[in-house]
Amino acid sequence: MSDRETAVLRALGRMGVLHAPVLHALVFADAARRSVQRYTSRLLQRNLIWRRAGFALPTARPDGHTHPIRTPDVYGLTADGKAELERLQLEPQGGEFERLIGRDRRAPLPADATLVADMLISSWCASVIDEARRAPMLVGVTCQARPTIVAGEFRQAIGAVLTLIFDPQQRSYMRPGWQIPWFDGETVKDRYRVVRLALEVDNGRAASAAIIEQAQLYTRFSQGGVYTAVFGGAPRPVILAPPGDRGPIVAAAWARGWPETPAILSSTARVQHPQHGALWGTYYTVKDTPAQQTTLLGGLVPSVEQWAQMTAGWRPGAPA
């Protein structure tokens, strides 16, 4: 197995599904598209990943009507691929490995409705990771889509949990630019800055009562140390809502369920910064009235302009 092939398997296991262009940007940033096709073909032949055609996405035409445009192919990890990662001993054993998503290659491929939700989750995670790795001080990443947490009688399914670990003292690039520094249980040093995020995608249909219960469960698990036991600390909820009036409704329900919540909210229309992706999208605090604009990195990097300067030396290939 080459480094690129194992990188594909590890990314798919963590994010569940990835569109072909997203996989290209994440693992093959320094390579041509034919390289992606060559590597994925080899993995498909070995039954380590699965592929299905993209789904039909309604797209507006200039005359106001909509017509479906089929999105690129979608890839995911098979159970055989997960077993291969275990055989190669590339993943730390325990909860992190168990949570990797692997589908039986003989099972029916996911339906369009399932893929739409899963792609929102994986695309956000991939965008944040792709941008964060451009900073020399990023030393570790953990990511898991669709984790389920059980604590006593309570059960919680989260869209995704993502952790970024920064070493402010690291000023030079220590790895190839395309590589993701997956954190495999190394020691978190005192000087490190850790950003933990939990993504929740609102489908636009959940009742306010259900959203309030969701926020209350986050409160219970945060204060009860459940997240610390599973993820090493409590993540900050990041809520992704449809554009329009839905965002204020979701924010109000969250604030009722958890008045002092650190949760932040964005919309699918504003979550992607044009140059710096979801890491620097437009986010707002939930607890404040009126809502205050904020960032995922908090006080670690004060502005997107400073981030642009910090990451200007990133190259997708090997460091100079």
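Odds and ends about this structure:
- Once both labels are positioned 7 Å from their Cα atoms along Cα-to-Cβ, the gap between A209 and K287 label points is 2.7 nm.
- Rounded to the nearest 5, the antiparallel percentage of DSSP beta bridges internal to the range 111-319 is 70%.
- Cα gyration tensor shape of the chain, rounded if a/c is under 1.5, else prolate or oblate by comparing a/b with b/c: rounded
- For the residues L90, L197, a 1.4 Å probe over the protein chains yields an accessible-area ranking, largest first, of L90, L197.
- Length released on extending from R34 to R193, taking residue separation times 0.36 nm less the Cα-Cα span: 53.5 nm
- Probe 1.4 Å, accessible area per residue of the chain, Å²: 48
- Spin-label zone in the range 104-132 - amide nitrogen under 14 Å from a point set 7 Å from the Cα of A53 along the C-beta vector: 112
- Estimated at 0.36 nm per residue, the fully extended path between S41 and I69 surpasses their Cα-Cα distance by 7.6 nm.
- Once all protein chains are placed together, M1 keeps about 80 Å² accessible to a 1.4 angstrom probe.
- For the chain, the carbon plus sulfur part of the accessible surface works out to 50%, probe radius 1.4 Å.
The values are calculated or read from the model by the stated rules, or taken from the named source; none is laboratory data. No experiment lies behind these values; they were computed from the predicted model shown. Backbone-built Cβ (ideal geometry, glycine too); neighbour counts: all protein chains shown. SASA here: full protein model, heavy atoms, side chains in, ligands and nucleic acids out. Shrake-Rupley method; radii C 1.70, N 1.55, O 1.52, S 1.80 Å.
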